[in-house]
């Protein structure tokens, strides 16, 4: 059972600071981590490997520093790590990123399971995984909270707002992991040392992949960030006073209708 | 001159921090109350390769060296001095086997010590042989292919839990210190029993016990090194162990400062947070400066040891300074917390109790001054 896990290196903060002039993220002084949902994806793939054998390949697109995320994934137990890095990839949106990842996955060849995290804490789009599945023309199940492989098929419990779905799919399949899927392991010290001092990371550029250059990078990206800003949070609360719930509800209704909200 | 940690060392620290938050911090207060040895946590430390640090991979270890030991022990000590002590003390035995043991002993004990979850202890101290380590009375007289061990060891940390212990005894009492030897004793050997379990002020979960040897037959192959090499083995082991105690003290001090910074930002008095009070800020400056000093002295001693250079003086200085720092910092941290610091709802009083032992075990501060002065004056 061979798995590929697509991960992203993100700044370690839920309060992303933004340069108001350029609209870009301020990354200085913010440590980088593996996107949290992606760690669940790695753990999901490692669990399957432990149960059924096979390999786990971890892949990411990014600059040289993204190697640290791949090293951490190898310390957790991934067998192989690939960095997709090329100037031509810079500025890619989700469409372009999925295009590049799809090309890399085609190159890797036969795979049973593709794990992605649900979404990244910096962009929060939740699009790359599903787009990747579309480009590869394979089934996808998002929001996976339980995964098992039975008789050559994958059985997934998919989280839903109004109840969970239990789904089956043929392989290869793309799954996106959520926090509820598992508790990502902490690496063994020996594997940390091995990941940094003994293992190699493969670096693939445009030359290694078959990609239509018009579909990637800033120019090939259909979405562009027009402006980024931090919304100003204004909090004005008022507690409606009244003796009974009915009285309070009546007062609330009066207020809402006077504001023409109902 | 290079004060940088490698990428792997940074990731080991990150892992140790997450491990501590996940598995150690939630238990620290309870373990302090019950005094129960954190057996499950120890198993987790083995599963994550903490217990195998310093043991080469060929013997099933994690690799790494004394720097990684200091990193992990100090991170654990930030939240639980007792758990840090169990690991730090466990690490002495494999270091002794690695340096002085035979190839058979390495193959037999090191994999079990590394990932195997086996616990080890170091038994030198006796009721009348504390700082005066030369006054050991326990004997191990040869009888065919065995040594017959007789005597009592006291204040042996982790001794009650240990699967294997290195015990120092006189194989030739007529030679005094030159007749001292090191033997591996396994749990359950006939004639070996656990005596009094101590009720301690701090590091309460690290179970400290008395060991009783009553005609305990130890196979001759369990001798570590040669007969008469015991004192050298003990002193070498203690040099290394001092770096471990310095790491514990450093971690306790760092943890106490972290608690203090958090508290000072949250606690409002006179209409403003404590951080607005210059008198308390001066305390923080003193604490942070002493910690910085303790940190680099500890890593410096570890670096010398790894390089194979003499480090007796530096290890003694690091341990003496870090343990004094730990008591200084926990005392001020508790003071800044005021009444809350004195209560068991906050970890400060426990940290101060845990800090105290670092001035005493693996050699008191006073013995360390003797060692340091001897090195300086020679």
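Derivation of every value follows stated rules applied to the coordinates shown; laboratory data play no part. What you are looking at is a predicted structure, and each value in this text was computed from that prediction instead of being measured. All Cβ positions, even for glycine, are placed from backbone atoms using ideal geometry, and neighbour counts span all protein chains on display.
Seen against the Cα atoms of chain A and their longest principal axis, helix A:94-108 is set at about 30 degrees.
For the residues of B:42-48, the average number of beta carbons from a partner chain within 10 Å of their own beta carbon is 2.
Each of residue B:131 and residue B:344 was given a label point 7 Å from its Cα along the Cα-to-Cβ line. The distance between the two points is 3.3 nm. Ranking of A:17, A:227 by neighbouring Cβ atoms within 10 Å, starting from the fewest: A:227, A:17. Calculated on the Cα set of region B:4-85, radius of gyration then Dmax: 12.8, 40 Å.
DSSP beta bridges fully contained in the protein assembly as shown are about 60 percent antiparallel. What is the list of residues in region A:108-122 whose amide nitrogen lies under 14 Å from a point 7 angstrom out from the Cα of residue A:165, following Cα to Cβ? Within reach of a label on residue A:165, which here means backbone N under 14 Å from a point 7 Å along Cα→Cβ, region A:108-122 contributes nothing.
For the protein assembly as shown, what does the helix formula give at 222 nm: sum of -39500 (n - 2.57) over DSSP H segments with n ≥ 4, over the residue count, nearest 500 deg cm²/dmol? Intermediate results must be reported in sequence, preceding the final value.
On the way: 19 runs with 276 residues, N = 640.
When only DSSP H runs of four or more count, the value is -14000 deg cm²/dmol.
Residue order for A:10, A:232, A:58, fewest other beta carbons within 10 angstrom first, comes to A:232, A:10, A:58. Rounded to whole Å, give me the distance from the Cα center of region B:301-356 to that of region B:190-210. Using only Cα atoms, the two centres lie 23 Å from each other.
Ranked highest first by average number of other Cβ atoms within 10 Å, how do A:187-193, A:208-214, B:125-131 line up?
Details: A:187-193: 24.6, A:208-214: 12.9, B:125-131: 16.4.
Highest-to-lowest ranking by the protection proxy: A:187-193, B:125-131, A:208-214.
Coordinate range of the alpha-carbon atoms in chain A per principal axis, descending: 70, 49, 39 Å. Within 10 Å of the Cβ of each residue in B:55-64, the mean number of Cβ atoms contributed by other protein chains is 3. The C-alpha atoms of chain B define a longest principal axis, and helix B:312-342 lies at about 40 degrees to it.
Residue A:258 to residue A:32: extension gain in nm, 0.36 nm per residue of separation minus the Cα-Cα distance? The partial results should precede the final answer.
Numbers: separation 226, 0.36 × 226 = 81.36 nm, distance 4.96 nm.
Result: 76.4 nm gained on full extension.
Rounded to the nearest 10 degrees, the angle from helix B:348-357 to the longest Cα principal axis of chain B is 30 degrees. Gain on full extension, evaluated as 0.36 nm per residue between residue B:276 and residue B:13 minus their Cα-Cα distance, stands at 91.5 nm.
For the protein assembly as shown, what is the convex hull volume of its Cα atoms per residue in Å³?
Numbers: hull volume 149.6 nm³, N = 640.
So the per-residue Cα hull volume is 234 Å³.
Spread over its residues, the convex hull of the C-alpha atoms of region B:120-228 is 93 Å³ per residue. In this simple spin-label approximation, residue A:153 and residue B:296 carry label points 7 Å from Cα along the Cα→Cβ vector, and these lie 6.5 nm apart.
Gain in length, residue B:146 to residue B:186, computed as 0.36 nm per residue apart minus the alpha-carbon separation, to one decimal in nm?
Details: separation 40, 0.36 × 40 = 14.40 nm, distance 1.38 nm.
Fully extending the segment from residue B:146 to residue B:186 adds 13.0 nm.
Averaged across B:8-17, how many Cβ atoms of other chains sit within 10 Å of each residue's Cβ atom? Spell out each step's value before the answer.
Values: counts 9, 3, 4, 11, 6, 0, 6, 8, 2, 1.
Mean partner-chain Cβ count within 10 Å for B:8-17: 5.
Normalised by residue number, the volume inside the convex hull of the Cα atoms of region B:218-361 is 126 Å³ per residue. Model label points for residue A:87 and residue A:212, set 7 angstrom from Cα along the Cα-to-Cβ axis, are 2.5 nm apart.
Going from the residue with the fewest nearby Cβ atoms within 10 Å to the one with the most, A:48, A:34 rank A:48, A:34.
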